[in-house]
Amino acid sequence: MRLRPAGARALVTDAHAAASLEARRQIADTMDRFVERKAELPMSVQSAHHNLVEQTRVGTASSIAASMNRRGGWTQFSVHHLLGVGVRSDAAARSMRAFVGIEEIIRDLEGQFAHLPDVAQALAGLREEMKEWEQEFLAQALALGRAAFKPQLDEANELWRACVERWGRGAGYRDDIAGILEEWFRTNESLDAARRSVESGLNQIWKELVLDALIAATRIDGVVDGEDTE
């Protein structure tokens, strides 16, 4: 039996819709498996204070001194901001392989479903969203690091006194201040709770801003356990 043109077009449309739905199911399943594997970030790569210490070694001495006189609050050498940058750098290093992995998955899926324009377009959109999620994740990591150690630093009277008294006592000022800061962060047990807070906070924003967003973006509305509910 020969199909009329309208009927043939309907079959083509139905076939494309079915193929598109199956492709989206496969994409959702692939991302679900990825999320299961990346539920938590890898172990920390570097300490939060590493960046602060390194920047102290190369910073402008007068700006460092001004900051030490203000308990780290000088805008041109903000101890809190430098700690935030340290946490952000650690978060970037720990999440890099995961973001590269998502990019590779999207590229493979684009090749697999290149014959389905709507699916290819959705994958291209997912890639752009992923870039936004990554930037937001890193921005939140920065904010987390900026705030995490502030209560302890605000009360660190001996630390700031030692740093202030070092000014004007000859060469090696920056290295000495870096050493004082590094020793304080390395030996101060009261910072353990702050470090745990940073770690749990990073994993929380990783889940909320990246993994949950990835699941939501690839979820198939109206389909439950492979059955069309519409």
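Observations on the structure shown:
Quick grid of which residues meet (1) free of Cβ contacts under 8 Å to residues at least 60 places away in the same chain; (2) more than 30 Å from Ser62 (Cβ to Cβ); (3) in a helix (DSSP H, G or I):
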{"site": "Met96", "(1), (2), (3)": "yes, yes, yes"}
{"site": "Gly101", "(1), (2), (3)": "no, yes, yes"}
{"site": "Val119", "(1), (2), (3)": "no, yes, yes"}
{"site": "Lys131", "(1), (2), (3)": "yes, yes, yes"}
{"site": "Leu153", "(1), (2), (3)": "no, no, yes"}
{"site": "Val164", "(1), (2), (3)": "no, no, yes"}
{"site": "Asp176", "(1), (2), (3)": "yes, no, yes"}
{"site": "Arg195", "(1), (2), (3)": "no, yes, yes"}
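- Complete set of residues in segment 118-158 that are under 29 Å from Ile205 (Cβ atoms), more than 16 Å from the chain's Cα centre (by Cα) and surrounded by 15 or more Cβ atoms within 10 Å (Cβ to Cβ): Ala122, Leu123, Leu126, Ala147, Ala148, Phe149, Lys150, Gln152, Leu153, Ala156
- Criterion (under 22 Å from the mean Cα position of the chain (by Cα) and crowded, with 18+ Cβ neighbours inside 10 Å) met by exactly one of Leu109, Leu83: Leu83
- Among the residues of segment 89-98, some residue qualifies, meaning at least one is over 18 Å from Val35 (Cβ atoms), surrounded by 13 or more Cβ atoms within 10 Å (Cβ to Cβ) and polar (S, T, N, Q).
- Residues that are surrounded by 19 or more Cβ atoms within 10 Å (Cβ to Cβ) and of a type outside the set (Val, Ile, Thr) were ranked within segment 202-222; the one that is farthest from Glu155 (Cα to Cα) is Leu214.
- Per the listing Ser89, Ser190, the residue uniquely under 27 Å from the mean Cα position of the chain (by Cα), at pLDDT below 95 and in a helix (DSSP H, G or I) is Ser190.
- Inter-residue pairs, beta-carbon under 8 Å, first farther than 17 Å from Pro151 by Cα and of a type in the set (D, E, K, R) and in segment 64-89, second at pLDDT 95 or above and buried (at least 24 other Cβ atoms within 10 Å of the Cβ), 6+ apart: Arg88/Ala141; Arg88/Gly145
- When we screen Phe77, Phe99 for residues that are within 19 Å of Ala143 (Cα to Cα), aromatic (Phe, Trp, Tyr) and modelled with pLDDT of 95 or more, the only hit is Phe77.
- Residue within segment 166-186 that is within 24 Å of Val100 (Cα to Cα), charged (D, E, K, R) and modelled with pLDDT of 95 or more present: no
- All positions within segment 109-127 that are aliphatic (A, V, I, L, M) and within 19 Å of Ile215 (Cα to Cα): Leu109, Val119, Ala120, Ala122, Leu123, Ala124, Leu126
- For Ala171, the conditions (1) farther than 27 Å from Ala141 by Cα; (2) assigned to a helix (DSSP H, G or I); (3) small (Gly, Ala, Ser) are fulfilled apart from (2).
The values are calculated or read from the model by the stated rules, or taken from the named source; none is laboratory data. All values reported here derive from a predicted model rather than from experimental measurement. Every residue, glycine as well, gets a Cβ built from its backbone with ideal geometry; the counts of neighbours run over all protein chains shown.
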